[in-house]
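Here the structure comes first, spelled out in structure tokens, and everything after it is commentary.
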Amino acid sequence: MPVDETLSTYSDWCYGAAVGVYVLAMVFSLIEQAFGRRTTVATRARVLVGAGAPAELDESAASDEPVETEEPAGRGRAERFGRMSVSLIVLGALLHLSALALRGLATGRVPWSNMYEFGATLSLTAVVTWLVLLRRFPIRHLSVWVLLPVILLMFLGGVVLYSTAAPVQPALQSYWLVIHVFSIALGSGMVLVPGVVSVLYLVKTRKPEWATRLPDANVLDQVAYRTTVFAFPIYTAGVIFGAIWAESAWGRFWGWDPKETVAFIAWVVYAAYLHSRATAGWRGGRAAVINIVAFAMMVFNLFFINLVVAGLHSYANG
């Protein structure tokens, strides 16, 4: 199928516009993070209950540390910037989705067949995951920290990893491309959020002065854990689908290719994180460190293994 250059151009424009909107949303979120109002100790229990903690929390849940929560509508310029930031994130996500849809229409295939498209799909998943979490947790002013890696990933995709719209390579002409790569992109995009939140948890527990504006540590812990619980089965399915595709394409389910190996190591670390939470009752710093290590393995696999190390998956670089 010939490539529709007009749709491909529109896709690139939407991609660039999405990056610009995300940058503006990050700036607005940074304003709220820097100048948003703090709450008193009395509000601490309400924040924890709103994040899923037991309703029986009493004064023992309070501490001398102020906690920032959402202010009532119309109170403070910083909060208005925060609400505008969320609106811009939604707009950016729509432009982002349009870029992927137009790319797919231009090429007549699914728009996650190379590193540029895979990164775009992954980053859109991270943004949508964040928007869902914003409806459940009082963490709006943390958008700056989630948008930062998304913008960096999209910038690298548009500048370093960009590939012109073209038909899929023969090695990738399989329905498993739709299933395997999409599930890996979904799982990887979702775990970007708990990876960032776990880093913020460690910062929060070390109590630098600026960390008083971060949500309560228990809220951060819950966000990281619940998102990982949801993302892990999707990532697991992606690994299994990849093994099935490998058997169909290469005659074996597993060959310890560098990408396969690192993906499996990341899976083991995430499994250890969830297992330690469920059986050993690990909370807090130790669990956050494990989650960060798992996320670091995902980033290592995405960039170093894909772009530097030669392997059977190297054709995905194009």
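General remarks:
- The sole residue among LEU133, LEU147 that is more than 22 Å from ALA99 (Cα to Cα) and either outside the structural domain of LEU88 (by TED's automatic domain parsing) or of a type outside the set (Asp, Glu) (or both) is LEU133.
- Some residue of the range 104-114 being crowded, with 18+ Cβ neighbours inside 10 Å, within 21 Å of the chain's Cα centre (by Cα) and not in a loop (DSSP other than H, G, I, E, B): no
- Set ILE139, ILE179: member being under 20 Å from PHE232 (Cα atoms) and either among the hydroxyl-bearing types (Ser, Thr, Tyr) or out of contact with any Leu (no Cβ under 6 Å at 6 or more places or on another chain) (or both): ILE179
- When TRP282 is tested against (1) more than 20 Å from the chain's Cα centre (by Cα); (2) in a helix (DSSP H, G or I), only condition (2) is not met.
- Residue check for GLU79: at pLDDT 90 or above and either of a type in the set (Asp, Glu) or not in a helix (DSSP H, G or I) (or both): no
- In the range 266-318, residue farthest from LEU156 (Cα to Cα) [restricted to those that are among the aromatic types (Phe, Trp, Tyr) and modelled with pLDDT of 90 or more]: TYR273
- When every residue of the range 210-219 is checked against the conditions, none turns out to be within 19 Å of VAL132 (Cα to Cα), surrounded by fewer than 23 Cβ atoms within 10 Å (Cβ to Cβ) and touching a Pro at 6+ places or on another chain (Cβ under 8 Å).
- Verdict on GLY242 being more than 18 Å from HIS275 (Cβ to Cβ), more than 19 Å from the chain's Cα centre (by Cα) and surrounded by 19 or more Cβ atoms within 10 Å (Cβ to Cβ): yes
- Count of the range 164-205 residues which are assigned to a helix (DSSP H, G or I) and over 24 Å from the mean Cα position of the chain (by Cα): 4
- For TRP176, the stated conditions hold: it is of a type in the set (Phe, Trp, Tyr), over 24 Å from ILE89 (Cα atoms) and touching a Phe, Trp or Tyr at 6+ places or on another chain (Cβ under 8 Å).
- For the range 212-244, a residue qualifies if it is of a type outside the set (Ser, Thr, Tyr) and in contact with a Ser or Thr (Cβ under 7 Å, 6 or more places away or on another chain), and the qualifying residues are ALA217, ALA224, ILE234, ALA237, GLY238, PHE241.
- THR129 being surrounded by fewer than 23 Cβ atoms within 10 Å (Cβ to Cβ), modelled with pLDDT of 95 or more and either out of contact with any His (no Cβ under 8 Å at 6 or more places or on another chain) or assigned to a helix (DSSP H, G or I) (or both): yes
- Failed condition for VAL128, given (1) under 20 Å from ALA17 (Cβ atoms); (2) over 16 Å from the mean Cα position of the chain (by Cα): (2)
Yes/no matrix, rows are residues, columns are (1) under 20 Å from SER276 (Cβ atoms); (2) assigned by TED's automatic domain parsing to the domain that holds ARG283; (3) surrounded by 23 or more Cβ atoms within 10 Å (Cβ to Cβ):
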position	(1), (2), (3)
SER174	no, yes, no
LEU177	no, yes, no
ILE184	no, yes, yes
PRO194	yes, yes, yes
VAL203	no, yes, no
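- Taking the numbered list (1) outside the structural domain of HIS96 (by TED's automatic domain parsing); (2) more than 27 Å from THR9 (Cβ to Cβ); (3) buried (at least 20 other Cβ atoms within 10 Å of the Cβ); (4) not aliphatic (A, V, I, L, M) in turn, GLY189 passes all entries but (2).
- Search result, residues across the range 1-15 that are polar (S, T, N, Q) and either exposed (fewer than 15 other Cβ atoms within 10 Å of the Cβ) or outside the structural domain of GLY108 (by TED's automatic domain parsing) (or both): THR6, THR9
The values are calculated or read from the model by the stated rules, or taken from the named source; none is laboratory data. As the structure is a computational prediction, the values presented were derived from the model and not from experiment. Note that each Cβ is placed from the backbone with ideal geometry, even for glycine, and that neighbours are counted across all protein chains shown.
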